[in-house]
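Participant: Here it is, the structure, as structure tokens.
The values are calculated or read from the model by the stated rules, or taken from the named source; none is laboratory data. All values reported here derive from a predicted model rather than from experimental measurement. Cβ sites come from the backbone with ideal geometry, for glycine too, and all protein chains shown count toward neighbours. Ligands, DNA and RNA are excluded from the accessible area calculation, which covers all protein heavy atoms including side chains. Shrake-Rupley method; radii C 1.70, N 1.55, O 1.52, S 1.80 Å.
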2 protein chains.
Amino acid sequence: MEKTFSLSLENKIRSIAAISQESLSMLVQEIQLMHISKNEMLLTEGQFCKHVYFVEKGGIRTFMHNNDMKEINVNFTFDNSFTTELKSLRTSTPSAFFMQALEDTTVWLFEKDVLLALYAQSHEISNFGRSLLEQLLMEQEEHANMFKLQTPAERYQYLYDHQPAMLQRISLTHLASYLGISRETLSRIRRH
Amino acid sequence: MEKTFSLSLENKIRSIAAISQESLSMLVQEIQLMHISKNEMLLTEGQFCKHVYFVEKGGIRTFMHNNDMKEINVNFTFDNSFTTELKSLRTSTPSAFFMQALEDTTVWLFEKDVLLALYAQSHEISNFGRSLLEQLLMEQEEHANMFKLQTPAERYQYLYDHQPAMLQRISLTHLASYLGISRETLSRIRRH
DNA sequence: TCACACCTGTGTCAAAAGTCACAAAATTAG
DNA sequence: CTAATTTTGTGACTTTTGACACAGGTGTGA
């Protein structure tokens, strides 16, 4: 662990909510920088998630096991994005999910208890927390609607159009379960 | 429109976040009560959503049209629950969704601009806003995971086990698109 | 209470996706 | 650089789901 100025993090925070230099300093004062290597776990099933994560560079997949013990990916987080396991974080229960680095990854850790204290001290930080949640919820709703409105081929096309960079960094195997289809079907969709 | 004391609303707010009597009063001071009859629209596609809704009694479905202009239900909200169209509310864009009463329904309206002002005045109200979002996000994540982890029959069984009251109030036709399957398939699943 | 609209169940068939098996290609580790 | 491992592509077959058609049931409003 170390700590260094991060312009990309500062820009990201400012893009989510207007914030003064003072509040920004408070927010990033106690965060920790962490490097994790490809395939290492950021969070394991059963652990308590105590942080909000900001992926500065690299990629994280969030997955769980289904009834057949197959891995099902539920989220991918790449450069300059926030993520967490909200249910575990919020309710202080063991995580049902794993979080694993897809590449060598640099992550800033925002500790839950520190954040809660900061919310009480600064309206700006409180607004930032709420805006971040709003953004995550809108993304999640959009993703959920993909499953109801579109066929598997359309879901793939949607990512192809809206998140082309993601497709370069996620293996077909991992992408398939994220789209709710089998590896073979995705391979055949991609062929055209 | 009228205004009346609502114990169920007060209890709901307190269950989401600890709040003093003073902050609670501020929060409910300007909200409006609205009755809408079965099949009436609470929000129409293209309108700007300007409120967070609390359904005191009754039921609301949120739906949109797919490519074939078929109605796809994306959410149901019944007694004692909050809902809104977050994307429209948050980004001040026209709603992509319709919201319609499934039954004669009583709704409290929380105006967006009033809420934003209150967030700046009271840490407790600000915390309530964040907690409500956290809760909505956890529900949404759980719902999205249903589609990746479970078969249509398992998804129906899940609702049967976790939200039995909902199944009594939603028509099979509406439920089918919510579960991402055809009306006929749901009918056959339900037969056993 | 009667007519009409809407909702639900079901049979038949077609289309889509899953499963299994295995080969080819790509990536990784030593 | 090479062997081992992992990932991807594909064929054959099975299972699941969707689409269409239509009958029977339910509810609603005039």
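Participant: Every residue in the range B:175-192 that is within 12 Å of DNA strand D (Cβ to nearest atom) and out of contact with any strand residue (DSSP E or B) (no Cβ under 8 Å at 6 or more places or on another chain), please.
Facilitator: Within the range B:175-192, B:Ala176, B:Leu179, B:Gly180, B:Ile181, B:Ser182, B:Arg183, B:Glu184, B:Thr185, B:Leu186, B:Ser187, B:Arg188, B:Ile189 qualify.
Participant: If you don't mind, there's one more thing I want to ask. Restricting the first residue to the range A:164-192 and requiring it to be within 11 Å of DNA strand C (Cβ to nearest atom), which pairs with a second residue that is outside any loop (DSSP other than H, G, I, E, B) and of a type in the set (S, T, N, Q) meet a Cβ separation below 6 Å and a spacing of at least six or different chains?
Facilitator: A:Ser177/A:Asn73; A:Arg183/A:Thr173
Participant: Do we find that A:Asn66 is surrounded by fewer than 19 Cβ atoms within 10 Å (Cβ to Cβ) and modelled with pLDDT under 95 in this structure?
Facilitator: Working: surrounded by fewer than 19 Cβ atoms within 10 Å (Cβ to Cβ): yes; modelled with pLDDT under 95: yes.
Judged against the criteria, A:Asn66 is a match.
Participant: Now a separate question. Does B:Gln47 meet the test of being over 13 Å from the mean Cα position of the chain (by Cα), open to solvent by 50 Å² or more (accessible area, probe 1.4 Å) and more than 14 Å from chain A (Cβ to nearest Cβ)? Spell out how you get there, then give the answer.
Facilitator: Values: over 13 Å from the mean Cα position of the chain (by Cα): yes; open to solvent by 50 Å² or more (accessible area, probe 1.4 Å): yes; more than 14 Å from chain A (Cβ to nearest Cβ): yes.
Yes; evaluated as a whole, the condition is true for this residue.
Participant: In contact with a Gly (Cβ under 9 Å, 6 or more places away or on another chain), assigned by TED's automatic domain parsing to the domain that holds B:Leu167 and not aliphatic (A, V, I, L, M): does that describe B:Arg155? Talk me through it step by step, then tell me what you get.
Facilitator: Working: in contact with a Gly (Cβ under 9 Å, 6 or more places away or on another chain): yes; assigned by TED's automatic domain parsing to the domain that holds B:Leu167: yes; not aliphatic (A, V, I, L, M): yes.
When the stated conditions are applied, B:Arg155 passes them.
Participant: Name the residue that is nearest to the chain's Cα centre (by Cα), counting only residues in the range B:11-25 that are surrounded by fewer than 16 Cβ atoms within 10 Å (Cβ to Cβ) and either of a type in the set (Ser, Thr, Tyr) or not assigned by TED's automatic domain parsing to the domain that holds B:Ser126 (or both).
Facilitator: In this case the residue turns out to be B:Ser15.
Participant: For A:Thr91, state whether it is at pLDDT 95 or above and open to solvent by less than 50 Å² (accessible area, probe 1.4 Å). I'd like the intermediate steps shown before the answer.
Facilitator: Details: at pLDDT 95 or above: yes; open to solvent by less than 50 Å² (accessible area, probe 1.4 Å): no.
Spelling it out, it is not the case that A:Thr91 is at pLDDT 95 or above and open to solvent by less than 50 Å² (accessible area, probe 1.4 Å).
Participant: Out of (1) small (Gly, Ala, Ser); (2) within 12 Å of DNA strand C (Cβ to nearest atom); (3) without any contact (Cβ under 8 Å) to a residue 24 or more places away in the chain, the odd one out for A:Ala144 is which?
Facilitator: Looking at each condition in turn, A:Ala144 falls short on (2).
Participant: Just to be sure, is B:Phe98 open to solvent by 20 Å² or more (accessible area, probe 1.4 Å) and under 14 Å from the mean Cα position of the chain (by Cα)?
Facilitator: When the stated conditions are applied, B:Phe98 passes them.
Participant: Residue by residue through the range A:79-88, note down the ones that are under 18 Å from B:Asn145 (Cα atoms), away from chain B (no Cβ under 11 Å) and open to solvent by 30 Å² or more (accessible area, probe 1.4 Å).
Facilitator: none
Participant: How many residues are crowded, with 18+ Cβ neighbours inside 10 Å, within 11 Å of DNA strand D (Cβ to nearest atom) and within 17 Å of the chain's Cα centre (by Cα) when one looks only at the range A:144-173?
Facilitator: Counting residues in the range A:144-173 that are crowded, with 18+ Cβ neighbours inside 10 Å, within 11 Å of DNA strand D (Cβ to nearest atom) and within 17 Å of the chain's Cα centre (by Cα) gives 1.
Participant: Of the conditions (1) part of a strand (DSSP E or B); (2) open to solvent by 10 Å² or more (accessible area, probe 1.4 Å); (3) β-branched (Val, Ile, Thr), B:Val55 fails just one. Which one is it?
Facilitator: So B:Val55 meets the others, but not (2).
Participant: Give the residues of the range A:144-192 that are within 14 Å of chain B (Cβ to nearest Cβ) and of a type in the set (A, V, I, L, M), sorted by residue number.
Facilitator: A:Ala144, A:Met146, A:Leu149, A:Ala153, A:Leu175, A:Ala176, A:Leu179, A:Ile181, A:Leu186
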